[in-house]
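Notes follow the structure.
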Amino acid sequence: MPGQEIPAESRVNYLNASYGVKSWLLTTDHKRIALLYLGSITLMFFVGGFFAVMMRLHLIEPQGALVAPETYNKLFTMHGVIMVFFFLVPSIPATLGNFLVPMMIGARDLAFPRLNLLSWYIYIIGAAFTLYAVISGGVDTGWTFYTPYSSTFSHTSVIPTALGVFITGFSSILTGLNFVVTIHKMRAPGLTWFRLPLFIWAMYATSIIFILGTPVIAITLFLLGLERLLHIGIFDPAIGGDPILFQHMFWFYSHPAVYIMILPGMGVMSELITCFSRKRIFGYTFVAFSSLAIAIISFLVWGHHMFVTGQSIYAGLIFSVLSFLVAIPSAVKVFNWTATLYKGSISYDAPMLYALGFIGLFTMGGLTGLFLASLATDVHLSGTYFIVAHFHYIMVGGAVMAYLGGIHFWWPKITGRMYPDGWARFAALVIFVGFNLTFFPQFVLGYLGMPRRYAVYPGEFQVLNVMSSAGASILGIGYLIPLIYLLWSIRYGPIAGPNPWGAKGLEWETPSPPPTENFEEIPVVTQDAYDYANVGGSRV
Amino acid sequence: MSEMAMHGAHPPGFKHQFEDMEQQREAGSLGMWVFLVTEIMFFGGLFATYIIYRTLYLTAFEEGSRLLNVKFGAANTAVLIGSSLTMALAIHAAQAGKKKSEQVMYLVLTMILGALFLFLKFNYEWRADYHEHLIPGFGFIIRPEWGAAGTHVPLYFCFYFFMTGLHAMHMIIGFGILGTLTVMAQRNRFNSEYYAPLEVSGLYWHFVDIVWIFLFPLLYLIGGRFALPGVH
Amino acid sequence: MMTGLMQTGFTDLAAAVATIPIHPTSASSIADSVDHLYYFLTAITLFFTFAIFATIFFFMVKFRRRSPDEQPADTTTHLALELTWTIVPTLITVVIFVWASSLYFENSRPPEAATEIFVVGKQWMWHIQHPEGPREINELHVPVNAPVKITMTSDDVIHDFYIPAFRVKKDAVPGRYTSLWFQATKIGTYHIFCAQYCGADHAEMIGWVYVMSPTDYAAWLSGGARNETMAQTGERLFTQLGCVTCHVADNTGRGPSLVGLYGKQEKLRNGDTKLVDEALIRQAIVTPNSIILPNYPPIMPTFQGQINEEQVLQLIAYVKSLGTEERKTNGK
């Protein structure tokens, strides 16, 4: 309880161990690097969000209310590039993952702290290239960079953007490498694989995708940039190259990348659900292995993005059946989280509201994926707003909800302060309502046949577009509220104490904020994860 | 870094986040293996597309392959295998606790062989290709004698230069690593207790070597020059 | 718009909500069957979403924390339950997969009798040619209750030909031919959209399908100023471009005769045997050196850059018109 603790200011922790800009920019402490990431991705989130707001405002009128079509094309491209590569992919792994992986496994730091700092700098360099592309006139290829439009026909800053994404890829690879080695080699004594928190399993699965997938998109974008530069290359139809091959290579990474965005969210979910229902997770092994199953199967389903490109019917059948298969482990997770609540002691603190929001939105997002894995309906729905709605339900409704839930859950650990709970619950509600109002109408728009990436559209689609835009304004406000009260809490929030939620897990056994070395003595683990039934709360 | 790295009684090179030297060595080695998996995917994407296109445009790719200089390719293969040997000897020297001069000698030898590879590649192969207008994007000229396959020959050369270029880039990075290791060896940093940087860099160097072992037959040998007459 | 919505009364709002479209027009022979699958999937989605929401809500109320130090009993794992909710969703997806795939399989095979219409996507318009001759831009006239096969390609980037009312869509890819088919069932006018982002005016690359009664369609076909079939235009082009000087009908020219070539299996010099179809004829025109016949020298110049994709299609139509009879006598 607050008050019994030594005030955070008077104790040496990772935040006040040293001062000055240099102590941050040259830090090798995983917790400080996590905060560097948190700052940078929050900035990118609001830049990307700004483009989204502009788009929704523009679409209030069928003939376009705001900008020229060329500008609109740049808006959705930069929204996509920034949100996918510079916010969603690094979001949970680089912030919460960086902060928590060593703490949860009882280590003093990641295996390679300098590499960790290097990956942040790589991210910043990549982001700088992309922001340069934005300033130098923007890019209009769509975040998917399809050839031959991107290689030959676009007149915008394709090379700086592709280079930015290429560079940032290495930041992901290094983070993944660091996590895999850390989880393999640096677990505290007694912390066996099946005692690991499920967040760690999720991070491990995510890292596998980072390691196996990212190099493929790196090489693809490299080839694309080279082709644009030299006016000749392997996707060029003039010398027999195949523009569809680009899509194969692109989606070989970018479909697993979807799971890079959602798997960490699922990991956060398992932590939140257990803590706020005071229950051990239902079906630990099923939840753990479903993460690995998702990571592996996700590499075999890329062709479902290409059902209407003229790929062979038989290829379509195989990709379709595998896409259904990848849905099963996700469903298993949802059922297990729900079952965990059974006979629990459920409280409604803000992180839990985000978690429950996640389950609802992710369920919707996942089930609408069935429409797109089904060949016959995908023909009608692909390339329409149905797709847009579906992946926003997964990536925003799912991943961003989980990210915010995680930030709210570990905020007291990160900063040592509590935020105003009422405001946090209010924000969760506003985001949930705003989100559904924004994206539900887009399912209907897609079924009606409105294609995505349209700067102007036939009048019959206006009502639903206006609803979506109205929702977007609510959603935008919803995202600003946490920014304000979380910043406020850093200075004025009440002292949190080491474990304000009564949560299990090694990270909660350190003071808040934790000292630089995390643990004075490396703990010895004797219990399973989420052992809430063990009264008293303290381990050993 | 150094004030973070040194912890009182710990051996030199020990990093604070580890429990002991053994854990640190294992982590370093696993890290490099994981990195090499990434590298395999990196080159794997290129190899896969190369094989797809080669199947589609077999004649063109064979025409292209015939224009490569197998003599230099073979010489370079030998040079690289030699450099892998000297690299292994450098590691062995540290492991066996040999004098620093021996470590430095093998490292410098590895660098010389690496430089020789790049010299042969740049000066004899690529320069000739440039003069013969075989570099796509730099005045490539389709020759009439390729006949039917002519349109697709540039595709072969796109792959040739992407793949060997990427490989050369890895060689240059390896060169930088070897330079650092040489300085470290000169400063007596390695002994039979601590030689992880050498070992891990060795893995990288051997990997770059193996990539070439795949590139050489794929680009220079199969089909083209050494095809049996009449077999396509 | 926003303030307008707020000013309307509540009943007006309810009336306005009722007019929000939620179902697209269905006007093709496959539309209903696709919709049925869509409804089934919607039912599944609603059922599971509702079931999970309801369960969570029930648990939230029933098992809410009643005192700060409440201690629930430990979780017990339950293998049978785990297996049930792994196997049941798997079975449901198998049903969906079989249903969706068999439907897709049926829908992707055009009937033999389908009329072929050619579409070329070009930034940012659709060029459409009927074999009977008429050419249109961003408009497609088709007869009702008759199967139509659309064969398409692109002159520049990847486009996508999409008719929502027919539930059909296919990418138009540069350098290759793709196709879709439909049979319109209702007379009327329906949207054509480009559904693959293709640059600045992507959103303007839209048009209309006019589904007409057979008599109206016949009248429309015979109207119009020039009445030349695609094959005739192709023949004119064949003469203009000088193809005719080498490809002589009685096989006495420097190139092979094209009579009866379409649909045949042709042995090439490199030993491959290839079916002469649209794609191969296109390849022969654009990159002639990639298809060499055994007894002819590789002397044909490329026509890449000299003629556009529409003209390629006209030449193909001409070659096909030379070959139809031969194809019939050869059988399948």
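Worth a mention:
- Residues satisfying the stated conditions in segment C:267-303, i.e. touching a Ser or Thr at 6+ places or on another chain (Cβ under 7 Å) and either within 12 Å of chain B (Cβ to nearest Cβ) or open to solvent by less than 60 Å² (accessible area, probe 1.4 Å) (or both): C:ASN270, C:GLU278, C:GLN283, C:VAL286, C:THR287, C:PRO288, C:ASN289, C:SER290, C:THR302
- Subset of segment A:185-194 [more than 25 Å from the chain's Cα centre (by Cα) and away from every other protein chain (no Cβ under 14 Å)]: A:THR192
- Residue in segment A:340-380 that is nearest to C:GLU106 (Cα to Cα), counting only those that are facing another protein chain (nearest Cβ under 7 Å) and among the small types (Gly, Ala, Ser): A:ALA376
- For segment A:142-161, the set of residues classified as outside any helix (DSSP H, G or I) and touching a helix residue (DSSP H, G or I) at 6+ places or on another chain (Cβ under 9 Å) consists of A:GLY142, A:TRP143, A:THR144, A:PHE145, A:TYR146, A:THR147, A:PRO148, A:SER154, A:THR156, A:SER157, listed by residue number.
- Per-region count, segment C:1-35, residues at pLDDT below 75 and among the charged types (D, E, K, R): 1
- Scanning segment A:294-303 turns up no residue that is open to solvent by 20 Å² or more (accessible area, probe 1.4 Å) and facing chain C (nearest Cβ under 10 Å).
- Residue selection: A:GLY225 fails the criterion of being more than 12 Å from chain B (Cβ to nearest Cβ) and either modelled with pLDDT of 95 or more or more than 22 Å from the chain's Cα centre (by Cα) (or both).
- Subset of segment A:90-106 [of a type in the set (Gly, Ala, Ser), more than 14 Å from chain B (Cβ to nearest Cβ) and within 15 Å of A:ILE183 (Cβ to Cβ)]: A:GLY97
- Residue check, B:GLY137 outside any helix (DSSP H, G or I) and surrounded by 16 or more Cβ atoms within 10 Å (Cβ to Cβ): yes
- Entirely in segment A:338-454, the helices (runs of 4 or more DSSP H) that have 3 or more residues that are more than 20 Å from C:THR42 (Cα to Cα): A:350-373, A:401-415, A:421-448
- Taken together, A:GLY176, A:GLY233, A:GLY164, A:GLY213 contain a single residue that is open to solvent by less than 10 Å² (accessible area, probe 1.4 Å), under 30 Å from A:PHE282 (Cα atoms) and either assigned to a helix (DSSP H, G or I) or within 8 Å of another protein chain (Cβ to nearest Cβ) (or both), which is A:GLY176.
- Residue match in segment A:54-68 (condition: crowded, with 21+ Cβ neighbours inside 10 Å and of a type in the set (A, V, I, L, M, F, W, C)): yes
- Inclusion of C:THR239 among residues that are surrounded by fewer than 16 Cβ atoms within 10 Å (Cβ to Cβ) and β-branched (Val, Ile, Thr) is warranted.
- When each of A:ILE484, A:ILE477 is tested for being open to solvent by 30 Å² or more (accessible area, probe 1.4 Å), more than 12 Å from chain C (Cβ to nearest Cβ) and without any contact (Cβ under 8 Å) to a residue 40 or more places away in the chain, the lone residue that passes is A:ILE484.
- A residue that is of a type in the set (Val, Ile, Thr), out of contact with any helix residue (DSSP H, G or I) (no Cβ under 9 Å at 6 or more places or on another chain) and open to solvent by 40 Å² or more (accessible area, probe 1.4 Å) cannot be found anywhere in segment B:111-125.
- Any hit, segment C:190-202, residues being closer than 25 Å to C:ALA113 by Cβ, within 14 Å of chain A (Cβ to nearest Cβ) and open to solvent by 10 Å² or more (accessible area, probe 1.4 Å): yes
- Among the residues of segment A:26-45, those that are at pLDDT below 95 and more than 18 Å from A:THR415 (Cβ to Cβ) comprise A:LEU26, A:THR28.
- Of all residues in segment C:17-52, exactly one satisfies the criterion of being open to solvent by less than 70 Å² (accessible area, probe 1.4 Å), under 19 Å from C:PHE166 (Cα atoms), in a loop (DSSP other than H, G, I, E, B) and among the β-branched types (Val, Ile, Thr), namely C:ILE30.
- A:SER374 vs. criteria touching a Pro at 6+ places or on another chain (Cβ under 8 Å) and either surrounded by fewer than 24 Cβ atoms within 10 Å (Cβ to Cβ) or closer than 30 Å to C:PHE161 by Cβ (or both): no
- Yes/no for A:GLY310 being closer than 25 Å to A:TYR403 by Cα and surrounded by fewer than 24 Cβ atoms within 10 Å (Cβ to Cβ): no
The values are calculated or read from the model by the stated rules, or taken from the named source; none is laboratory data. Note that this is a predicted model, so its numbers are computed, not measured. Reconstructed Cβ throughout: ideal geometry from the backbone, glycine too, with neighbour counts over all protein chains shown. Surface areas here come from the heavy atoms of the whole protein model, side chains and all, with no ligands, DNA or RNA. Shrake-Rupley method; radii C 1.70, N 1.55, O 1.52, S 1.80 Å.
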